[in-house]
Structure formats: C-alpha cells, structure tokens
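A single structure is presented below for examination.
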Amino acid sequence: MSLTESIIQALGSWSWVVLGLILLGLEILAPGTVFLWFGLSAIVVGVVALLFDFSWQVHVGLFVVLSIVSLLIGRKLMLKAASETGDPGLNKRGSRYIGREFTLTTPLSEGAGKLSIDDTIWRISGPDMPAGTKVRVDGVDGARLVVSDVNAEKTS
C-alpha cells in the first residue's frame with residue numbers, strides 16, 4: 001500500500017474534506033473560480049461521507065456530479081454578476097456626457113473650442129458660439145465632444 005493510499009484510508013471520509021480545503025487553498029493561489037467549485041463539492045462529499053456509509057465509487061460519482069453542477073451554476077452566476085456590475089462607458093468617458101448641458105466658459109470659434117467638465121478640459125466641436133452659451137453634448141468624435149446650442153434648438 002502506498003503512502004497516499006494509507007493516508008486516504010487513515011483519514012477515511014475526512015480525506016474529502018481535506019481535498020476540498022486543499023482545492024480552496026489552490027483557489028487563493030490561482031484565482032479563477034474553478035478550484036472553488038471543486039473544493040466546495042469535495043467538502044460536501046466529505047460531509048455526506050461522514051453521515052452515510054457509501055462505497056468509494058459512490059463518493060467519486062457524487063463528487064463528479066456535484067463538481068459539474070456547481071461549476072455550471074457558478075459560471076452562470078459569475079457571468080451574470082460581471083454583466084451587471086460592468087461599466088459600459090468605462091473606456092468611453094465622453095459618452096457619459098451625452099445629453100448633459102453645460103455653459104461655455106470660452107468661445108467656440110471656427111468649429112473648435114474647449115469646455116471644462118468636472119476636473120477635465122475637453123476639446124469640443126460645433127457651430128461658433130460666444131462664451132456663456134448653454135450647450136448640450138450631442139455626441140463624441142474620438143476624444144472630442146460634439147456640442148450644440150441649447151437655446152437655438154428651443155427657438156426653432
């Protein structure tokens with residue numbers, strides 16, 4: 001009998017719990033949520049093995065089934081959580097300002113100018129307008145915001 005077999009036999013049902021804890025430890029070292037589901041499945045099999053006296057074949061079968069089911073459910077939950085918490089405008093900062101209105105602090109001449117929004121100075125494009133004009137961000141062209149005169153739209 002090998003050393004591994006003698007350890008498994010000595011631990012009995014606790015070997016599943018030990019395996020589960022080892023797999024959870026691997027999850028900490030190599031995150032990716034794969035070892036997590038296998039580790040939890042092994043711990044569940046260990047608890048079931050402590051409560052009921054099944055053969056090792058049943059333990060292995062239960063571990064395989066629980067691993068597959070928990071992996072599929074876990075991946076579905078992780079994908080759902082990732083899609084809900086993602087920021088679609090993360091790499092498109094200008095898109096956050098579309099539809100918002102601001103007041104020009106410098107004139108917009110020859111179709112170009114600058115607009116201070118929060119702590120950033122944005123390059124803007126649009127029709128020529130004097131400083132103090134209320135503008136709305138209509139779109140984004142690269143790193144340039146496209147603006148239009150709010151008052152001109154209301155009078156037309």
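How are the Cα pair distances of the chain distributed, in percent, across 5 Å bins from 0?
2, 8, 12, 12, 9, 6, 4, 4, 5, 5, 6, 6, 6, 6, 4, 3, 2, 0, 0
May I ask you to derive the FRET efficiency for Met1 and Val65 from their Cβ-Cβ distance with R0 = 30 Å, giving the value to the nearest 0.05?
So the FRET efficiency works out to roughly 0.55.
Which distance in nm do the two modelled labels at Trp14 and Ile73 give, with both placed 7 Å along the Cα-to-Cβ direction?
Placing both labels 7 Å beyond Cα along the Cβ direction yields 2.8 nm.
Same structure, new question: With 10 Å bins from zero, work out the P(r) of region 3-48 over every alpha carbon pair and list the percent per bin.
All Cα pairs considered, the percentages come to 33, 44, 22, 1.
Can you compute the charge dipole magnitude of the chain about its Cα centre, using +1 on each Lys and Arg Cβ and -1 on each Asp and Glu Cβ, nothing else charged? Give it in debye, rounded to the nearest 20.
Dipole size: approximately 260 debye.
Right, next: Considering only lysines 8 or more places apart in sequence, or on different chains, count the pairs in the chain whose C-alpha atoms sit under 25 Å apart.
Going through the chain pair by pair, I get 6.
I need the calculated FRET efficiency for the pair Ala30 and Arg144, taking r as the beta carbon distance and R₀ as 30 Å, to the nearest 0.05.
0.10
Next question. Between Ser109 and Asn151, 0.36 nm times their residue separation minus their Cα-Cα distance comes to what?
13.4 nm
Length gain on complete extension for the stretch Asp119 to Ala131, per 0.36 nm per residue less the alpha carbon to alpha carbon distance?
My answer for the length gained is 2.4 nm.
Cut-off 10 angstrom, C-alpha nodes, Gaussian network model of the chain. Which of Ser70, Ser95, Ser55 fluctuates the most?
Answer for the Gaussian network model of the chain: Ser55.
For region 93-155, report the convex hull volume of the alpha-carbon atoms normalised per residue, in Å³, without decimals.
With only Cα atoms used, region 93-155 gives 72 Å³ per residue.
So what does the Cα-only Debye profile of region 3-85 read at q = 0.11, 0.15, 0.17, 0.24 Å⁻¹, as log10 I(q)/I(0), no solvent term?
For the requested q values the scattering log ratios are -0.33, -0.57, -0.70, -1.12.
Taken together, the values in this text are just the output of simple stated rules run on the coordinates, not laboratory data. All values derive from a computational prediction rather than experimental measurement. Using ideal geometry, Cβ is built from the backbone for each residue, glycine included, and neighbour counts are taken over all protein chains shown.
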